[in-house]
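Step one of this worksheet: look at the structure below.
The values are calculated or read from the model by the stated rules, or taken from the named source; none is laboratory data. Computed from a predicted structure; not experimentally measured. No Cβ is skipped: glycine too gets one built from the backbone with ideal geometry, and neighbour counts run over all protein chains shown.
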Amino acid sequence: MPRFWVVTAAMLVIGPAQAQHAPASPYSGWEQRAVKALSDQQIADLRAGSGMGLALPAELNGYPGPIHVLELGDRLGLTAEQRARMQELYAAMTAETVPLGERLIAQEADLDRQFATRSVTPASLQSTTAAIGATQGALRLAHLRYHLSTLGVLTPEQVRRYGELRGYQAAGVHGHGPKSHR
């Protein structure tokens, strides 16, 4: 019997010590977020109309984005007409994506509220997540569409140079990819 008490005492001492050293969830601290599913940076990016990687299929396959073309304008040798067109495209993209970003933030906040207040139901979960998915799709479509429009403003050489300046080495960015609409 004494051995039983030694093992029991050891478990009582070791057990709580192990619990204190248990690895934290990668989500630890996120419970303090205003909108649990979105970081402060994601909210800021959505409010600014930033791409947040939504247009990567275009970007990484030789379809430049308007803001990045403007940022590299001098190094790409943009003409005044091309620069003006890029500014128009960027302004139009921002005018379209900022309201979509605000809608997504509100939808995510609503989903969060439903869980926080324990008012979520199977029906509300279905409709809310479907609405979030539709908004995410519309946001991604908008960003991709402006990458597609940007390609038509640049020469093939500018597209090649863009890929080089951005550090891409995919085949679609080395001149074998999309053809300019010009």
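Among the numbered conditions (1) surrounded by 14 or more Cβ atoms within 10 Å (Cβ to Cβ); (2) among the β-branched types (Val, Ile, Thr); (3) more than 21 Å from Asp45 (Cβ to Cβ); (4) modelled with pLDDT of 95 or more, the only one that Thr121 does not meet is (1).
Here Leu54 clears all of (1) within 28 Å of Ser39 (Cβ to Cβ); (2) part of a helix (DSSP H, G or I); (3) touching a residue at least 12 places away in the same chain (Cβ under 8 Å) except the condition numbered (2). Put simply, of Gly101, Gly65, Gly51 the only residue that is buried (at least 19 other Cβ atoms within 10 Å of the Cβ), modelled with pLDDT under 95, out of contact with any Pro (no Cβ under 8 Å at 6 or more places or on another chain) and within 24 Å of Gln136 (Cβ to Cβ) is Gly51. Selection over the stretch 129-182 of residues that are surrounded by fewer than 17 Cβ atoms within 10 Å (Cβ to Cβ), at pLDDT below 95 and of a type in the set (A, V, I, L, M, F, W, C) gives a count of 2.
When you scan the stretch 61-78, do you find a residue that is part of a helix (DSSP H, G or I), aromatic (Phe, Trp, Tyr) and touching a helix residue (DSSP H, G or I) at 6+ places or on another chain (Cβ under 7 Å), even just one? Within the stretch 61-78 (the criterion being part of a helix (DSSP H, G or I), aromatic (Phe, Trp, Tyr) and touching a helix residue (DSSP H, G or I) at 6+ places or on another chain (Cβ under 7 Å)), the answer is no, since none of the residues qualifies. When only residues in the stretch 95-118 that are in contact with a helix residue (DSSP H, G or I) (Cβ under 8 Å, 6 or more places away or on another chain) and without any contact (Cβ under 8 Å) to a residue 24 or more places away in the chain count, which is nearest to Ala44 (Cα to Cα)? The residue in question is Asp110. For the stretch 82-94, taking the residues that are in contact (Cβ under 8 Å) with a residue 24 or more places away in the chain and not charged (D, E, K, R), the one that is surrounded by the most Cβ atoms within 10 Å (Cβ to Cβ) is identified as Met86.
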